[in-house]
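**Student:** Pasting a structure here, questions to come.
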Amino acid sequence: MNWFTCKRSLSIGHEFDIYYNIDGFSIDAAEIPLNGIPDVDTSPANGVPDAIDKIEASLRVAWSQYQSMGYGLTGDRVEIYVGFDVNDNPGLTFPFGDFVDGGPVIFLPTDPAEMVDANGNPFRNEEWYTYLIRHELFHAVQYHYLPSLHFFGHIPSINWWMEATAEWATDVVYRQANPAEAGWQHYARALKSVLAEAGGPESALNASDGLGGSRQYGAFIFAEYLAERTGTVDFVRKTWEEMDDKLPLEAIEQVLAGYGLNLITEVQGFAVANYRLTGKTTDLSAFIGAADGYSHAHATTTWRGLLGADARPRRAAQSAMTWGGSASGSTRIWHGGASYLEFTPPATGNGRLSVRVDAPDQAGVDSEVEFNYFLVAWNNLSSRTPLRWARALSRGDEETHELTIKINAGEAATLIAVRSDLWQESQNIPNSLAMGQVVNWTATMAVQAGTQMNGALNAMWENQAANAGCADWSGGDAVQSLKLPSGKRAWFFSDTFLGDPSKRPTGTDTSFMRNSVVVQNGSSLRTITGGSTCQETDPNTDFWSRYAKTPVGEGGQYWTGDSKVAGNDVVKFYYEGVGDENTRGSYARLPIAGLETSNTINVTPTRLQDCSARNSLPIIWGASLLDHDGYTYIYGWEGDGANAEKSLFLARTPGNVNLTDQSQWRYFAGPGSNGAAQWETTCATAKPLAPKVEIDFSVVRVNGSFWLVHHTPASQAPGNIVAVPSRSAWGFGTTKVDLYTPPETTTNPAYSSVYGARVQPGILPDSSRVLISYTVSKSAANLSCWTRGYYFPDHQYPRFVEVPVSEFFTAAQIP
């Protein structure tokens, strides 16, 4: 039992009673002198110990600030007892004292200024008279919003946010009242336990090392990050207002949603900001969708200083790389934690850094594990200004990803692996291995060849044409390819020539089809037609029966869109027409068995439902397909005959349903008032995307962004192959990256036309490069003014170019 001989009462918008003893004082001479506050009363000399004067003054400032921030207190008074040292009490606040319906009770050490260093040596720090009461008073404030039964049922989880926000609030009081007042820096003293100690950054976001531990105190930085993101100190109070029946992460998520923010996205930005510990940048923040830094003045000074000489969080790996060298390892990350892996290039040269990450399934780990990986190149490891970046999302079965960026001598790069699935209950430190997820990584750094033609593929098609028999492909445009389940590759062409190119000038000695398929098996190419081949010069055959039939839609003009394997078939989109208002979209189901073995296929396309969103112009669906996040995105273009470049439209359907069942399709109808995409059931509500493009294009995901790859201006030589970035599958804007300028130009008499840029995935053995195809078509006029390309053996050959993945980057803000 503790006895107190002195009491100090305050009425400052609420009643406060401070109980204390004076060091050396005793009730009567026969008793042992009491241990208490130093018997010093000089500044001011008012009959109250100076230590109590300081505690009282700090209490007044803190309560004034907390009131101005909208906080309240339970009961009619708060009792503060300066004189409890049980278990080396650093300060403790209960929601009530002897009466459950009373106000909170604060217990401070007998003399808060008496401290012991890490070596057990005593010392004094009178700054704690000012600091400690501000921290503990905020705990009293927290209990105003927290039912006791809820608190005592979830002490570790709730205590995490209690200590985090009490340190944060203490700092706010200092900043708003007097930033230089004694004790201003103590709020951040435990930051190292979150960011720098072994396992610190990798531990769960809301991990706790028990009552009186240090990690939850260091979590003030999360409260500060979110307060900055919402732009108001009210954010923290609102989380406590939601805590009557919620755990902290649930309350935080709900309050953030009220500000239009997403907790998972904020956790990702938090991890990047903690690595930088400096002011935020515009472009990387926009790429993440959250701030990559802090506005707090202490970030680059106090916080960095607490982390040691290198002034940054603990790294799971630090690799000094060589050109052509590699490094590998693994790290383990808990819910909401992050791991930092640093890579530095040689002192000279430049190239690319690729990091492959893999989070394999493991027994005992939550099946909903989710990671966001950010690979960022910095100007150096001191200022950590971002130069280039890439990201990848790992969710469900998507366990393995590769990220690639440019890297130059003098720079540095960091892989920031953020586990973005959260666990509501606080996990204990030390971490349970069963709750952690292993991430394996392999980094390679290499001198990088720039964008270049793929000579092998170009030669393959040139050789095919030069040696073509009468039933063999010898030219075709708008190529699109697909890997079959067997590993063979089906190449789909629109307009197609068969036979010896030298025989084309007659116009009658070779066949011309509106589409074809060529199946590649290693170096072998097998042409698939609709039959009736090698009869062009047979006088005993009816003239129109002499020529090869088209495999898809014989008698019509079906040109190729994108394709996808679906069960035992390849679903292939086509369009019938020349791109004007009379054009219509369709699809065909090509049996994989026939593609694998046959030379002849006869398939009749099925017309898609007519679809117009404006001006009765048809939307032709299936020009490009993209699988992402459980959906298949279906891109289409508007049949506007007046313009060579068309407006884009977008639909999507669940990835586990019949792709061609249009009753399952939902049409992009523009962003809603909250900025989120709206998906409607009717095509008439569809809204166009930006920009306008040729009818042949691709949408792909590279380095964590969506990229619309196309050739522009339409059909002009040489033009440019460009990539337009977006953070979503629909948000493309005006920013573009020039990937390649084809060398083909318009000359007399071979007038070149360049068009049909498409990404051809899964062909290159080097995942750090992207393969893009395009078509070069040539035409000329003969003496009868019959314009045709038959005179040119290389007419309508596909061309292939390799672009480094690292070229798919822009520092401009991506919509």
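**Student:** Regarding the range 58-69, can at least one residue be identified that is part of a loop (DSSP other than H, G, I, E, B) and either among the charged types (D, E, K, R) or under 47 Å from the mean Cα position of the chain (by Cα) (or both)? It would help to see each step written out before you state the result.
**Tutor:** Here is the first cut: in the range 58-69, the ones part of a loop (DSSP other than H, G, I, E, B) are 69.
Of the ones still in play, those that are also either among the charged types (D, E, K, R) or under 47 Å from the mean Cα position of the chain (by Cα) (or both) are 69.
Yes, the range 58-69 contains a residue that is part of a loop (DSSP other than H, G, I, E, B) and either among the charged types (D, E, K, R) or under 47 Å from the mean Cα position of the chain (by Cα) (or both).
**Student:** When A651 is evaluated against the numbered criteria (1) touching a Leu at 6+ places or on another chain (Cβ under 9 Å); (2) open to solvent by less than 10 Å² (accessible area, probe 1.4 Å); (3) among the aliphatic types (A, V, I, L, M), which criterion, by number, is the only one it fails?
**Tutor:** (1)
Each row is one residue, and each column tells you yes or no for (1) within 19 Å of the chain's Cα centre (by Cα); (2) open to solvent by 70 Å² or more (accessible area, probe 1.4 Å); (3) modelled with pLDDT of 90 or more.
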| position | (1), (2), (3) |
| --- | --- |
| S726 | yes, no, yes |
| W730 | yes, no, yes |
| K736 | no, yes, yes |
| P742 | no, no, yes |
| T745 | no, no, no |
| A750 | no, no, no |
| S753 | no, no, no |
| G756 | no, no, yes |
| V759 | no, no, yes |
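**Student:** Right, here's the next one. Just to be sure, is N89 without any contact (Cβ under 8 Å) to a residue 24 or more places away in the chain and either open to solvent by less than 30 Å² (accessible area, probe 1.4 Å) or under 22 Å from D171 (Cβ atoms) (or both)?
**Tutor:** yes
**Student:** Follow-up. Residues being under 46 Å from the mean Cα position of the chain (by Cα) and not in a loop (DSSP other than H, G, I, E, B): count how many of those fall in the range 498-552.
**Tutor:** Residues flagged as under 46 Å from the mean Cα position of the chain (by Cα) and not in a loop (DSSP other than H, G, I, E, B) within the range 498-552 amount to 14.
**Student:** Out of the residues in the range 447-461 that are assigned to a loop (DSSP other than H, G, I, E, B) and polar (S, T, N, Q), state the one that is surrounded by the fewest Cβ atoms within 10 Å (Cβ to Cβ).
**Tutor:** In the first step, residues of the range 447-461 are kept if they are assigned to a loop (DSSP other than H, G, I, E, B); the result is 447-451, 454.
Subsequent filtering for residues that are polar (S, T, N, Q) retains 448, 451, 454.
Details: Q448: 20, T451: 17, N454: 19.
So the residue we want is T451.
**Student:** Which of the helices (runs of 4 or more DSSP H) contained wholly in the range 214-287 include at least 2 residues that are basic (K, R) and open to solvent by 30 Å² or more (accessible area, probe 1.4 Å)?
**Tutor:** Correct list: 234-241.
**Student:** Another question, if that's okay. Looking at (1) open to solvent by less than 10 Å² (accessible area, probe 1.4 Å); (2) in contact with a Ser or Thr (Cβ under 8 Å, 6 or more places away or on another chain), which is the only condition I429 fails?
**Tutor:** With (1) open to solvent by less than 10 Å² (accessible area, probe 1.4 Å); (2) in contact with a Ser or Thr (Cβ under 8 Å, 6 or more places away or on another chain) applied to I429, the lone miss is (1).
**Student:** Here's a follow-up. Regarding the range 673-696, can at least one residue be identified that is surrounded by fewer than 20 Cβ atoms within 10 Å (Cβ to Cβ), outside any strand (DSSP E or B) and among the acidic types (D, E)?
**Tutor:** no
**Student:** So how many residues does the range 101-113 have that are touching a Lys or Arg at 6+ places or on another chain (Cβ under 7 Å) and closer than 15 Å to V40 by Cα?
**Tutor:** In the first step, residues of the range 101-113 are kept if they are touching a Lys or Arg at 6+ places or on another chain (Cβ under 7 Å); the result is 103, 113.
Checking the rest, the ones that are also closer than 15 Å to V40 by Cα come to 113.
Residues meeting the conditions: 1.
**Student:** Moving on. Got at least one residue in the range 398-407 being open to solvent by 30 Å² or more (accessible area, probe 1.4 Å), more than 30 Å from W378 (Cβ to Cβ), hydroxyl-bearing (S, T, Y) and at pLDDT below 95?
**Tutor:** There is no residue in the range 398-407 that is open to solvent by 30 Å² or more (accessible area, probe 1.4 Å), more than 30 Å from W378 (Cβ to Cβ), hydroxyl-bearing (S, T, Y) and at pLDDT below 95.
**Student:** While we're here: Any chance you could count how many residues in the range 462-489 are crowded, with 23+ Cβ neighbours inside 10 Å and more than 30 Å from the chain's Cα centre (by Cα)?
**Tutor:** Summing the residues that are crowded, with 23+ Cβ neighbours inside 10 Å and more than 30 Å from the chain's Cα centre (by Cα) in the range 462-489 gives 7.
**Student:** Next question, about the same structure. For A57, only one of the following conditions fails: (1) open to solvent by less than 30 Å² (accessible area, probe 1.4 Å); (2) at pLDDT 95 or above; (3) touching a helix residue (DSSP H, G or I) at 6+ places or on another chain (Cβ under 8 Å). What is its number?
**Tutor:** (1)
**Student:** Please count how many residues of the range 557-578 are in a loop (DSSP other than H, G, I, E, B) and open to solvent by less than 20 Å² (accessible area, probe 1.4 Å).
**Tutor:** 1
**Student:** Looking only at residues that are part of a strand (DSSP E or B) and either open to solvent by 10 Å² or more (accessible area, probe 1.4 Å) or among the hydroxyl-bearing types (S, T, Y) (or both) in the range 711-723, which one is farthest from E402 (Cα to Cα)? Spell out the reasoning first.
**Tutor:** Going through the range 711-723, the residues part of a strand (DSSP E or B) turn out to be 711-712, 720-723.
Checking the rest, the ones that are also either open to solvent by 10 Å² or more (accessible area, probe 1.4 Å) or among the hydroxyl-bearing types (S, T, Y) (or both) come to 712, 720.
Values: T712: 29, N720: 27 Å.
Step by step, filter the range 711-723, then rank; the result is T712.
**Student:** Those residues that are touching a Lys or Arg at 6+ places or on another chain (Cβ under 9 Å) and more than 17 Å from G594 (Cα to Cα), I need them from the range 474-504; list them, please.
**Tutor:** Within the range 474-504, S474, G475, A478, V479, Q480, S494, D495, T496, F497, R504 qualify.
**Student:** Checking R589 against (1) open to solvent by less than 50 Å² (accessible area, probe 1.4 Å); (2) on the phi < 0 side of the Ramachandran plot, which single condition isn't satisfied?
**Tutor:** (1)
**Student:** I'm told H154 meets every condition in (1) open to solvent by 10 Å² or more (accessible area, probe 1.4 Å); (2) out of contact with any Leu (no Cβ under 7 Å at 6 or more places or on another chain); (3) over 17 Å from S11 (Cα atoms) except one. Can you identify the failing condition by its number?
**Tutor:** Unmet condition: (2).
The values are calculated or read from the model by the stated rules, or taken from the named source; none is laboratory data. Please read these numbers as outputs of a predicted model, since none were measured by experiment. Using ideal geometry, Cβ is built from the backbone for each residue, glycine included, and neighbour counts are taken over all protein chains shown. What goes into the accessible areas is simple: the full protein's heavy atoms, side chains included, and nothing from ligands, DNA or RNA. Shrake-Rupley method; radii C 1.70, N 1.55, O 1.52, S 1.80 Å.
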